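Have a look at the structure below before the remarks.
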Amino acid sequence: MLSPPSAFRTFTICWSRDPALCLPDAPLEPTGDEAVDKKAQETWKEWDERFKRHREMGTINDLIQPGQQPTMFEIKPMSSMAMRRITDELNAQRIGFAVAFALGFRACVRGVVNFGEFKVTTSKHPTYGDLADEGIVNALDQLDPGIVAELGDYCFTRARSPSPK
Amino acid sequence: MIEGLRQLPWFESAARDEAMSVAMFRNCEKCMRDYPRSQRQEMACGYEEPIAGALAWRHRGYACDEETQPTTCPGYTTRLPEVIEAARAYVHWEKGELGSFVGRKPPHRHLLTLVEVVAGEANAVNAWKMRNPKKEGA
């Protein structure tokens, strides 16, 4: 089910805050206590770095709690034209980053596993080509708008250029 | 990924010609057991938080300046799935069979970029070896 990142094949990714992962025990929202909030911020920063390494190495399995399965998204590399068109729309300020990341995500996601009975469907958009239908974004936003933002950012960043590392 | 692709041909060349000099970088699990975190950070371990002044291994023939020198141990970067994938694709590309490898023609532009980086560095390794032949008995 888990497949490592690929330059041309479909692979799987998950959200960095999926509850099936061994998330740190630190508050996600500010508590008002400066010391606690500072510690929490450092803890989540370390988690994000750790998660990023595991995601780029394709070893997310090592971060999953025993007996749990995160929601996995099947991602294909973004097409050049989709990336160009989203970039143009963004640069021309006809769309903002929130929509750009959602479009980037929809341009790449082709399936979802362990998300109830939800199935990703795709159709041809006149501007952006093959896109997953909006339903996936709406469904994920019900849980947390950060999901599409994070995954869209990931898809978009990958499409622009290979990572320097 | 780019660093990993560039380092890969040099790293493999060193593994063949000077195995002891890179032995510790070729087994990340062993390195993590044998060396403390602080030392691995000084060697720019990709599994650890980066620190200022860390020095990543690079072959003496690897072309770079202060801005472009490797930032991460090749033990990590050459194990990235996309680097391994590009290395495999390069083998097929050399034979004119990249299309068979990816299962469609033409290959995705990203993959072509990655393969071209590997090819460029592989050529650089060969050129360096011709200019710096191994001494007899070395």
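The values are calculated or read from the model by the stated rules, or taken from the named source; none is laboratory data. What you are looking at is a predicted structure, and each value in this text was computed from that prediction instead of being measured. Quick reminder, even Gly has a Cβ in these numbers, built from the backbone with ideal geometry, and neighbours come from all protein chains shown. Please note that ligands, DNA and RNA were not included when accessible areas were found on the heavy atoms of the full protein model with its side chains. Shrake-Rupley method; radii C 1.70, N 1.55, O 1.52, S 1.80 Å.
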*Estimate the FRET efficiency between A:Leu2 and B:Lys135 by the formula 1/(1 + (r/R0)^6), using the beta-carbon distance for r and 51 Å for R0, to the nearest 0.05.*
0.60
*Using the heavy atoms of the protein chains and a 1.4 angstrom probe, tell me the accessible area per residue for the protein assembly as shown in square angstrom.*
55
*Cα-based Rg and Dmax for the protein assembly as shown, where Dmax is the largest Cα-Cα distance (Å)*: 21.4, 70
*Partnerless Cys - the protein assembly as shown, beta-carbon criterion under 4.7 Å*: A:Cys14, A:Cys22, B:Cys28, B:Cys31, B:Cys45, B:Cys64, B:Cys73
*Report the calculated FRET efficiency for B:Glu94 and A:Thr10 (r = Cβ-Cβ distance, R0 = 22 Å), to the nearest 0.05.*
0.30
*Relative to the compact-globule scaling 2.2 N^0.38 Å, provide the ratio for the alpha-carbon radius of gyration of segment B:80-138.*
1.40
_Taking 8 Å as the Cα distance limit and 6 or more residues as the minimum spacing, I'd like the relative contact order of chain B as a percentage._
31
*Return an integer: the convex hull volume of the alpha-carbon atoms of segment A:19-75, in Å³ per residue.*
90
*asked:* Over chain A, what is the relative contact order in percent, taking alpha-carbon pairs closer than 8 angstrom and at least six residues apart?
replied: 23
*Enter the per residue convex hull volume of chain A, computed from alpha-carbon coordinates, in Å³ rounded to the nearest integer.*
138
_Give me the one-decimal nm value for the distance between modelled label points at A:Glu29 and A:Ala139, 7 Å along each residue's Cα-to-Cβ direction._
2.6
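Nearest 20 debye, what's the magnitude of the dipole of segment A:42-136 about its Cα centre given +1 on Lys and Arg Cβ and -1 on Asp and Glu Cβ?
Working: 13 positive and 13 negative charges, 61 e Å.
With Lys and Arg at +1 and Asp and Glu at -1, about 300 debye.
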*Using just the C-alpha positions of segment B:1-83 as equal point scatterers, what log10 of I(q)/I(0) does the Debye formula give at each q in 0.15 1/Å?*
-0.49
*Could I have the simple spin-label model distance between A:Ala98 and A:Glu42, label points 7 Å from Cα toward Cβ, reported in nm to one decimal?*
3.4
